[in-house]
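Please treat every number below as a calculation from the coordinates, not as lab data. Please read these numbers as outputs of a predicted model, since none were measured by experiment. Cβ: placed from backbone, ideal geometry, glycine included. Neighbour counts: every protein chain shown.
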Amino acid sequence: MDNQQTTHRLERAKKLSRQDVQERVSLSSVENSLIEFGVAIGMKAEASVLEEVIASARTAGVSRDMLSDTVLHLGAYVGLSGVTPAAHVLDSYWPDESDADANEDLDHAARYERGIAKYGELNASALDNIRAAFGDIAGHLIDATFSSFYDTFGASKLPVTTKQMITVGTLAGAGNAAPQLQFHVGAALNVGVTQAQIIDILLLVQAHAGMPAAYNGLIATKAAIEAGTTASPGYR
């Protein structure tokens, strides 16, 4: 009797799932790979899964810098500790042979101003909504949020549309941030991601994180479309 029977059956299901994705998804191979990496990070995948996704991305022509920028930008959404395992796997599997990144040191005020400018690219009214909802009790938290947003999302050199596609996949895969997922679907549409691309992203989410995660993403997508692409996060 094959003592690897369960693994073989699972691999067959994964192969068929990949075929479904290849037949239906119209994203570029680079977009596809970066979104898959984001979904894996969002669902806190094990190192072996992260390495498999990185290897596939490398084969698809994704550069190491793109993967590194994805890790950095997702620090805004799954936390700096949350992306650390992916950073370790990337550095171990695909060492960086370039010189160390030399980012300029900015004070808090400069980081904050640049952070809110980057956030404004996604949604011009969102910061006002956040301040109105929470400014009286958590102004210092909001200040720190947008300074960190510049350090992570803002420091990534990926195009904003690509960042938003990755963000949607990551939040859907994480499955624990429904209001933020709805907001970022709307922000993705606002910066030029198409509705068809959002559905393609959710097909990738289904393949990696399961059907409930994908259909929760569909609920968020319908809500975002109904609210309008420039709707604020809806915090009260």
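Based on the inverse mean of 1/r over its pairs of different Cα atoms, what is the Kirkwood hydrodynamic radius of the chain, in Å? List each step's numbers first, then the result.
Working: mean 1/r = 0.0541 Å⁻¹.
After inverting the mean inverse Cα-Cα distance, the result is 18.5 Å.
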Express in nm, to one decimal, how much length is gained between Asp96 and Ser63 on full extension, taking 0.36 nm for each residue of separation and deducting their alpha carbon distance. 10.8 nm
Dividing the convex hull volume of the alpha carbon atoms of region 160-224 by its residue count, what do you get in Å³ per residue? 61 Å³
For Phe153, the net charge from surrounding residues (Cβ-Cβ under 13 Å; K, R +1; D, E -1) works out to +2
Is region 2-106 best put as rounded, prolate or oblate by its Cα gyration tensor, with a ≥ b ≥ c the root eigenvalues, rounded for a/c under 1.5, and otherwise prolate when a/b is larger than b/c, oblate when not? prolate
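Assuming a viscosity of 0.692 mPa s and a temperature of 37 °C, what translational diffusion coefficient in µm² per second does Stokes-Einstein assign to region 127-236, Rh being the Kirkwood radius over Cα pairs? The partial results should precede the final answer.
Working: Rh = 14.5 Å.
Once the numbers are plugged in, D ends up at 226 µm²/s.
In region 1-58, what trypsin sites (Lys or Arg not before Pro) fall in a loop by DSSP, with at most 15 other Cβ atoms inside 10 Å? Write out the running numbers ahead of the final one.
Numbers: sites: Arg9, Arg12, Lys14, Lys15, Arg18, Arg24, Lys44, Arg58; in loops: Lys44.
Here the trypsin sites (Lys or Arg not before Pro) that fit, given the DSSP loop and packing criteria, are Lys44.
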On a 0 to 90 degree scale, rounded to 10, what angle separates helix 195-209 from the longest Cα axis of the chain? 60 degrees
Would you kindly calculate the mean projected area, averaged across all directions, of the convex hull enclosing the Cα atoms of region 49-146, in square nanometres? 8.1 nm²
Helix 108-122 sits off the longest principal axis of the Cα atoms of the chain, rounded to the nearest 10 on a 0 to 90 degree scale, by 60 degrees
Between helix 80-93 and the chain, what is the angle of the helix's C-alpha long axis to the longest principal axis, kept within 0 to 90° and rounded to the nearest 10? 40 degrees
